[in-house]
Amino acid sequence: MRTRGLRGVLAADTELGAGNMLARVLAHGADPDGPGLTFDTPVDGHPAEHPLTLGQLDELVAARAAWLHARGVKPRDPVAVWATAAADMVLSFLALTRVGAIPALMNGRLRPEIAAEYIRRLRGAGVLADDAHTELLAGHDLGAPLIGTPAEAGAGDPAAAPAHYRHHQDDPIVITHTSGTTGVPKAVLHSHASLFAATRHLLSMPQAQGTGRILNALPAPHTATVLMVNQALGNRAEMFLLSEQGGERVLDAIQRWRPDGVFGFSVTWAELARFDLSGYALDSVRLWFNTGDCSHEPHVRRLVAVGSRDTVTRQGVVRVPGSVFIDGLGSSEMGHSMFHITHTRETNQYGRCVGRPYRFAKVAVLDAEGNELPPGQVGWLGIDSPSLFRGYWNDSVTTYRFRLRGWYLTGDLVYADDEGRYYHMDRAADSVEVGDGRRYFTALSEERILAACPDVTDCTVVIVKENDTVVTDVLLELAAGAEPDVDRTDAVRAALGSDVGATLRRVVPVRSEDIPVTVTGKVRKVVLRERYLTESPS
């Protein structure tokens, strides 16, 4: 079946969901010799970067399903997966959902004591961990047995795999988690239907350019990677999954693999912005797709300046210089980005604008009592969407704490304009109330500093109350060749504006190479604050 027709059939398939895409694609007649997935590490005798066909992918998943079934893993069993390689994460997800179990995918960078406590709270049936993470768990009480490593699971006999579990739309199919930088992360539960709601909508739409050959630079354990794997399988697209998302690794993969679309988080675009992108072979890229935290304007402008895209003219479709950047705002709990805005070289709608909601999502700006606010007023972002998570696993208290008058509160502060576009000011936890209904915003402050300081590639703003005083500390990541000894305090204060600028306590410049590669913007802020901004200024 041709891809266009198959996408429509999949969108209309009432049995299809996030837990059985691979099986349903094959059942609807997709070519087994067509594209499966490509991983950056060796898998079951296949070398790294070997493009697996759809049939080969199905066989690898069947082998793991047989191995899990033989070890007593049953439908609705939660099984933690802690590993580094994207292949281990994705293949474990596909195999566990095939037998009806519930994979709990874990960030490989969690501290061992945090990971152990998280696993304990899952009250799971077992743990799959690669060799390195098995060693880290030694001596910890997990409350569940170590089943083995994801690689060992590949030794199963595909012919012995049990029949595909038949998912109900409400069945839980994966647990992902929040960052875990300040304690044990929250376990975010998705269902067969909820994590497929956005994908079903996209399959019913014309396929976007830049989604035929995808480089996945999203963290492998994240909800976003599960979404992208299902979208790639449904679109019959090629996808290369990276196990780590540092700027040099991503640029190298783009040049060698020649994708037409690159999918990642804002921290990856900040990493790429450190480089002179004109010196790299990036002409294959038509699309950069961002989810998670909203991206900063200077980073977006650097990316849309490279690559190329198709555009419609009076002469027909022509290829023009400059790529497309689709920005949005999403989280594990949202189940997909809730907003979208398209940037090119020619567009100029920035100012932390995340665009308009997807058609499947209902959004509102709310006050503390859950009343909807008019355009122009900053309030809490409320979401009502079929893609929303089902709750926090084993934690009803936290689940309902973030519900208000039928809305899920994301923890973001936003406002809408008169034309229905939304603007992201900050995470509420990072902003500071200063009285008279006013707040100071860190994300907005970072946007302003980056716009005013061209020799700064990224920055982190921390605003806190100390007793009755508000103080602001700023960490600047300097561009290559920037003079580290230049005093940028006045420029930073002017960029912050009179109110926040009056609270500026110190400006700390660092070299980009000294900044640790982290997973998300929220993680980045915590790590940098702890590393550089904890000591009192002299």
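Within the span defined as the range 318-331, every residue fails to be part of a loop (DSSP other than H, G, I, E, B), surrounded by fewer than 24 Cβ atoms within 10 Å (Cβ to Cβ) and of a type in the set (V, I, T).
The requirement of being touching a helix residue (DSSP H, G or I) at 6+ places or on another chain (Cβ under 6 Å) and surrounded by fewer than 18 Cβ atoms within 10 Å (Cβ to Cβ) is satisfied by F360.
Does the range 279-295 hold any residues that are among the hydrophobic types (A, V, I, L, M, F, W, C) and open to solvent by 40 Å² or more (accessible area, probe 1.4 Å), and which are they? Of everything in the range 279-295, just one residue is among the hydrophobic types (A, V, I, L, M, F, W, C) and open to solvent by 40 Å² or more (accessible area, probe 1.4 Å), namely A281.
Listed by first and then second residue, the pairs linking a residue in the range 47-66 that is over 15 Å from G19 (Cα atoms) and among the basic types (K, R) to a residue that is open to solvent by 10 Å² or more (accessible area, probe 1.4 Å) and in a loop (DSSP other than H, G, I, E, B), with Cβ atoms under 8 Å apart and 6 or more places separating them unless they lie on different chains, are R64/G154; R64/G156. Restricting attention to the range 147-178, the residues being open to solvent by 70 Å² or more (accessible area, probe 1.4 Å) and under 15 Å from H69 (Cα atoms) number 6.
Consider the range 411-433 and keep the residues that are in contact (Cβ under 8 Å) with a residue 12 or more places away in the chain and touching a Pro at 6+ places or on another chain (Cβ under 9 Å). The one that is surrounded by the fewest Cβ atoms within 10 Å (Cβ to Cβ) is D418.
A single entry from G139, G183, G143 fulfils the requirement of being in a loop (DSSP other than H, G, I, E, B), open to solvent by 20 Å² or more (accessible area, probe 1.4 Å) and touching a Lys or Arg at 6+ places or on another chain (Cβ under 7 Å): G143.
Just to check your reading of the model, which residue among H222, H201, H190 is over 16 Å from E49 (Cβ atoms) and open to solvent by less than 10 Å² (accessible area, probe 1.4 Å)?
The conditions single out H190.
Go over the candidates T460, T489, T469, T442 one by one and state the one that is surrounded by fewer than 17 Cβ atoms within 10 Å (Cβ to Cβ), at pLDDT 90 or above, of a type in the set (S, T, N, Q) and under 24 Å from V378 (Cα atoms). Even if it seems obvious, please write down each step before you answer.
Values: T460 fails: surrounded by fewer than 17 Cβ atoms within 10 Å (Cβ to Cβ); T489 fails: under 24 Å from V378 (Cα atoms); T442 fails: surrounded by fewer than 17 Cβ atoms within 10 Å (Cβ to Cβ).
Within the list T460, T489, T469, T442, the selection yields T469.
Filtered by the rule that a residue be at positive phi and touching a Lys or Arg at 6+ places or on another chain (Cβ under 7 Å), the range 68-107 gives a lone residue, G100. Just one of the listed residues (V320, V414, V363, V378) is hydrophobic (A, V, I, L, M, F, W, C) and within 22 Å of L202 (Cα to Cα), namely V363.
So, T313, is that one hydroxyl-bearing (S, T, Y), touching a residue at least 24 places away in the same chain (Cβ under 8 Å) and farther than 18 Å from Y422 by Cβ or not? Taking the combined requirement at face value, the residue does not satisfy it.
Could you list all residues from the range 276-294 that are within 16 Å of L450 (Cβ to Cβ) and at pLDDT below 95?
D293, C294
Would you pick out the residues in the range 423-447 that are in a strand (DSSP E or B) and over 20 Å from the mean Cα position of the chain (by Cα)? Residues satisfying the conditions are V432, E433, V434, G435, R438, R439, Y440.
The values are calculated or read from the model by the stated rules, or taken from the named source; none is laboratory data. Everything numeric here is computed off the predicted structure, so don't read it as measured data. When we count neighbours, we look across all protein chains shown, and the Cβ atoms used for this are built from the backbone with ideal geometry, even at glycine. With ligands, DNA and RNA removed, areas are computed over all heavy atoms of the protein, side chains included. Shrake-Rupley method; radii C 1.70, N 1.55, O 1.52, S 1.80 Å.
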